Amino acid sequence: MSLITENLVVLDLAAPDRHAATRVLAEALNREGRVTDLDGFVADVRAREDQMATGLPGGIGIPHARSEHVTQASLVFGRAPEGIDWGAADGPANLVFLIAGPKGSDEDHLSVLATLARRLTRPDFRRSLLEAPDAAAVVEVVQREVVGA
């Protein structure tokens, strides 16, 4: 199975805060059968966020967690046109990636996180995600730039 699919893309992510946004993204995982306990997984992500906010400069949020409730490594993308405060010093996030890893998948989880973080430093990568016309285009960009890297 793919790390990201069209059903794991939310092009109009709207939420009052990062915790509500994380839940919206996690619900996509739940619908796809990639988490066994939605509330348990959301609690695991929140515990990780409480340690340190995962907002990055440039309008990016990368919430992530390894959890016993995750059945397979997954990446959910959300584009938030209005922006959501993810704790970055330069302002709200418009591009949000929820990384979900099964408990014990430390190496794979860190590899995805590191590759994604490197790609997000490139303005052309961020722009392609902001301008993607549909979920299929987002998946194509992420498959090419992150998964295939």
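The values are calculated or read from the model by the stated rules, or taken from the named source; none is laboratory data. Since we're looking at a predicted model, the values are computed, not measured. Here the Cβ is made from the backbone with ideal geometry for all residues, glycine too, and neighbour counts use every protein chain on show. Side chains are part of the model used for accessible areas, which takes the heavy atoms of the whole protein and leaves out ligands, DNA and RNA. Shrake-Rupley method; radii C 1.70, N 1.55, O 1.52, S 1.80 Å.
If you go through the range 112-145 and keep only what is over 14 Å from ILE4 (Cα atoms) and among the β-branched types (Val, Ile, Thr), you end up with THR115, THR121. Taking the conditions (1) under 17 Å from VAL9 (Cα atoms); (2) touching a strand residue (DSSP E or B) at 6+ places or on another chain (Cβ under 8 Å); (3) not aliphatic (A, V, I, L, M) in turn, PHE41 satisfies each one other than (1).
Criterion applied to ALA43, ALA21, ALA26 was being open to solvent by 50 Å² or more (accessible area, probe 1.4 Å), part of a helix (DSSP H, G or I) and small (Gly, Ala, Ser), and the one residue passing it is ALA43. With respect to being in a helix (DSSP H, G or I), of a type in the set (Gly, Ala, Ser) and either at pLDDT below 95 or touching a Phe, Trp or Tyr at 6+ places or on another chain (Cβ under 9 Å) (or both), ALA53 falls outside the description.
Evaluate the following for GLY33: is it part of a loop (DSSP other than H, G, I, E, B) and open to solvent by 50 Å² or more (accessible area, probe 1.4 Å)?
So GLY33 fails the test.
Take the conditions (1) surrounded by fewer than 23 Cβ atoms within 10 Å (Cβ to Cβ); (2) in contact (Cβ under 8 Å) with a residue 60 or more places away in the chain; (3) under 18 Å from ALA135 (Cβ atoms); GLY59 misses just one of them, which is (3).
The set of residues from the range 46-56 being buried (at least 22 other Cβ atoms within 10 Å of the Cβ) and more than 19 Å from VAL112 (Cβ to Cβ) is empty.
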